[in-house]
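Nothing in this text is a laboratory measurement; each read-out follows from the coordinates by a stated rule. From a predicted model like this one, the values you see are computed outputs, not experimental measurements. Here the Cβ positions follow ideal geometry from the backbone for every residue, glycine too, while neighbour counts run over all protein chains shown.
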Amino acid sequence: MDSGARLLTAFLFLLCWTRGEGGGLKLNYYSKSCPRADQIVKEEVVKLYNEHGNTAVSWLRNLFHDCMVKSCDASVLLETTNSLTSEQAADRSFGMRNFKYVSTIKEALERECPGIVSCADVIALSTREGVLKLGGPYIPMKTGRRDSRQSYYENINNYLPNHNDSMSLVLSRFKSIGIDAESTVALLGAHSVGRVHCVNLVGRLYPTVDPTIDPEYAKYLLFRCPSANPDPEAVLYSRNDRTTPMIIDNMYYKHLLQHKGLLKVDQQLVTYPSTAQFVKMMAANNSYFYEQFTKALLLLSENNPLTGNQGEIRKDCRYVNAA
Ligand code: HEM
Ligand SMILES: *[C@@H]1O[C@H](CO)[C@@H](O)[C@H](O)[C@H]1NC(C)=O
Ligand SMILES: *[C@@H]1O[C@H](CO)[C@@H](O)[C@H](O)[C@H]1NC(C)=O
């Protein structure tokens, strides 16, 4: 090896190493600057869960929508102003809820440690605690992310798959952030909680019922979504998992094997060659699902974070700090 090649190897090694470490993220990042940060988030998440159980579900979806789109940088929390359009206004964000309670968590942190804990870390830590409240595994999320000063509203469709995209497109989107087929199957297990509105289901029901849906289940879905053109303002929806709707568990995969997947992307996991075996394994073994879900959620939560002096620590998660 000449010295140029050696330098390149060293550089690539360093690149992989820092990426593998989550690019500057670590456990208990706030241990000196705000020792109770993790605890405060936990207390608030538990309180909110006791008042509004579905907040825990929202924290999980927030992580996906934030981290999948370019970076885990809380860009999803920015609200529309004169100078930016909120990612929440995009079609792909349809049905996202409980953003106002993110502010509840952030305010509790600001009272104790003003200007220290990022909104991006609020997203990660609230997901960790929310998953626990939903009966899922403990996911050792690292912290140290910083917040974006911009929204990626214009590019959102290049990152977030749609409910009816092909499995090959879905897999390529996840692969581009280092998440393989096995981890993708595990991540979609998040759809074992929460709901889907009829606007996202009618494509499988009208004008004809998608033949991959179990006939009895199709009857139920037609009952839930009686019109081919649901009023987007109306809150017609079906629960993701009618058996254990508020528990993160492998029931999702058991339903997929019974052809009771809700979205087209969910059901395709069963028939697509590189995902089918993992659906069967996760349906058969909840510990294996938890192990893979933990690994995959960590990968997602460490996607391309802003660290060091990039971005900022937002005071109010809804707006970039005044210059
Ligand atoms: C191919 C990837 C994915 C697609 C196309 C997708 C799409 C969707 C859609 C269409 C909904 C229903 C929205 C509504 O009608 O209200 C939904 C709900 C949800 N998604 Fe995903 N999703 C994907 C992956 C994920 C991942 C990776 C996670 C988390 C790790 C996640 C978490 C959730 C949660 C928790 C809900 C329920 C939200 C609620 O009830 O408020 N999704 N998703
Ligand atoms: C996917 O669903 C959207 C509505 O959410 C629809 O506009 C689009 O035509 C559908 N695409 C395919 C390939 O069916
Ligand atoms: C279930 O998965 C866990 C975790 O991967 C593994 O240790 C265990 O052996 C599996 N159990 C069976 C019965 O395959």
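Overview of values
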quantity	calculated
Violating pairs (Cα-Cα greater than 20 angstrom) within the set 219/260; 47/295; 133/264; 133/280	47/295; 133/264; 133/280
Per-pair calculated FRET efficiency, R0 = 35 Å: residue 177 and residue 89 via Cβ, rounded to 0.05	0.90
Relative compactness, the chain, computed as alpha-carbon Rg over 2.2 N^0.38 Å	1.02
Estimated inter-spin distance, residue 96 and residue 47, nm [label 7 Å along Cα→Cβ]	2.4
Radius 15 Å from Cβ of residue 136, net charge of other residues (Lys, Arg +1; Asp, Glu -1)	+1
Dipole in debye (nearest 20) - the range 167-300, about Cα centre, beta carbon charges: Lys, Arg +1; Asp, Glu -1	60
P(r) weight above 17 Å for the range 167-300, C-alpha pairs, percent	58
Net lengthening on full extension, residue 323/residue 257 (0.36 nm per residue, minus Cα-Cα)	18.4 nm
Total charge dipole magnitude, the chain, about the Cα centre, Cβ charges on Lys, Arg, Asp, Glu only, Debye to nearest 20	280
Protection-proxy order for peptides 285-294, 88-97, each taking the mean of Cβ atoms within 10 Å per residue, highest first	285-294, 88-97
R0 of 35 Å, Cβ-Cβ distance residue 113-residue 285: FRET efficiency to nearest 0.05	0.25
Share of pairwise Cα separations in the range 23-159, more than 21 Å, in percent	39
Cα gyration tensor shape for the range 74-154, rounded if a/c is under 1.5, else prolate or oblate	oblate
Charge dipole (the range 70-211, unit charges on Cβ, about Cα centre) - positive-most of 140, 177, 114	140
Magnitude of the charge dipole, the range 23-159, Cβ model with Lys/Arg +1 and Asp/Glu -1, debye to 20	340
The range 167-300, relative contact order in percent, only Cα pairs under 8 angstrom and at least six apart counted	35
Fully extended contour minus Cα-Cα distance, from residue 229 to residue 295, at 0.36 nm per residue	19.9 nm
